[in-house]
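Structure, as structure tokens:
The values are calculated or read from the model by the stated rules, or taken from the named source; none is laboratory data. Everything numeric here is computed off the predicted structure, so don't read it as measured data. Every residue, glycine among them, receives a Cβ derived from its backbone with ideal geometry; neighbour counts consider all protein chains shown.
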Amino acid sequence: MVCRTLTFLAERCNCIASSAIVIRCCLSVCLSVVSLYSNNWKLNDTVLTKVDRCKYLGVMIDNDLKWQSHIDLIYSRLLKFTGIFYKLRCYLSVDVLRLLYFAFVHSQILYGIEVYANTCHAQLNKLCVLNNKILRILQNKPLRTPVVQLYQSYNTLPIPKLHHFQLLCLVFKYLNHNRKLPSIFANFFTRNSEIHTHNTRSANDLHLSCVNSLRGVRCVKFKASLLWNNLPTKLKEIKNLSIFKKQLTNFLLFEDASD
């Protein structure tokens, strides 16, 4: 399996490579797999180096796909802003402080959140706490201020909810603007009506594949489908993306706050 994958990568690289391009590849393999196979994998006669993590398109990918390395990277980037925002909040207006949050903090959190936030809450906790702290600093709110109030003021969501928000937007685009998505998502989700012809209440819901492990539950296809099926009917009937995003934000922030 691994050999076939490497051969495929080599063929693809040969199609796009030129003499001026040097292709560097890193192979990250789980320890359980490494114990069964040799480490001397090659791609175009170049030995692939086994690493614990590597960066691809700005996202740190670790060998066990727990995303702890990327979460730590975002945390270290955002931590430096706490002291800066403490000083700036006395001199800048509320609107400017809000712009600073979305420019320097929210943008870092949002990038790749569909992937790295698909992990357990314990690993995301320190990043969530830091984000709450930054919001409290920028809004100059006391410690007893409810967290929901902080996010409502900036019209955004906590990190776990923002992860759900992005997945649900993907489903919405698939169902209503399929042609605007990359071709890889052309047949990504399946309705129950495509599986059977029975006129049931869930006929228009998305089909849930059978999973028997935690990794299966966290699979984007399964998780996004489950989230969509649990939405109120009035939300699923919306066809305009802007309206959907606005109402979905309110739903996730208040009605679904117990998650």
Review point. Name the pairs: first residue in the stretch 96-110 and assigned by TED's automatic domain parsing to the domain that holds N131, second residue among the aromatic types (F, W, Y), Cβ to Cβ under 7 Å, at least 6 apart or on different chains?
Key: R98/Y154; Y101/Y154; F104/F81; V105/F81
Review point. Out of the residues in the stretch 228-242 that are within 14 Å of K173 (Cβ to Cβ) and not basic (K, R), which is surrounded by the most Cβ atoms within 10 Å (Cβ to Cβ)?
Key: W228
Exercise for review: Sort out which residues of the stretch 66-83 are among the aliphatic types (A, V, I, L, M) and surrounded by 15 or more Cβ atoms within 10 Å (Cβ to Cβ), and write them in order of number.
Suggested key: I71, L73, I74, L78
Exercise for review: Please specify each residue of the stretch 81-93 satisfying the condition of being β-branched (V, I, T) and in contact (Cβ under 8 Å) with a residue 40 or more places away in the chain.
Suggested key: T82
Study note, to complete from the structure: Restricting the stretch 42-81 to residues that are touching a helix residue (DSSP H, G or I) at 6+ places or on another chain (Cβ under 6 Å) and at pLDDT below 85, the one farthest from L138 (Cα to Cα) turns out to be N44
Point to revise | Residue tally, condition in a loop (DSSP other than H, G, I, E, B), of a type outside the set (A, V, I, L, M) and at pLDDT below 90, over the stretch 152-207 | key: 16
Exercise for review: Give the residues of the stretch 208-221 that are assigned to a helix (DSSP H, G or I) and in contact (Cβ under 8 Å) with a residue 12 or more places away in the chain, sorted by residue number.
Suggested key: V220, K221
Study note, to complete from the structure: Restricting attention to the stretch 121-164, the residues that are touching a Lys or Arg at 6+ places or on another chain (Cβ under 8 Å) and touching a residue at least 40 places away in the same chain (Cβ under 8 Å) number exactly 5
Exercise for review: Filter the stretch 58-80 down to the residues that are free of Cβ contacts under 8 Å to residues at least 12 places away in the same chain and either in the same structural domain as R218 (by TED's automatic domain parsing) or outside any helix (DSSP H, G or I) (or both), then identify the one that is nearest to C219 (Cα to Cα).
Suggested key: L65
Revision key, fill the gap. Filtering the stretch 124-138 for residues that are surrounded by 15 or more Cβ atoms within 10 Å (Cβ to Cβ), closer than 29 Å to L227 by Cβ and either modelled with pLDDT of 95 or more or more than 14 Å from the chain's Cα centre (by Cα) (or both) leaves a count of 9
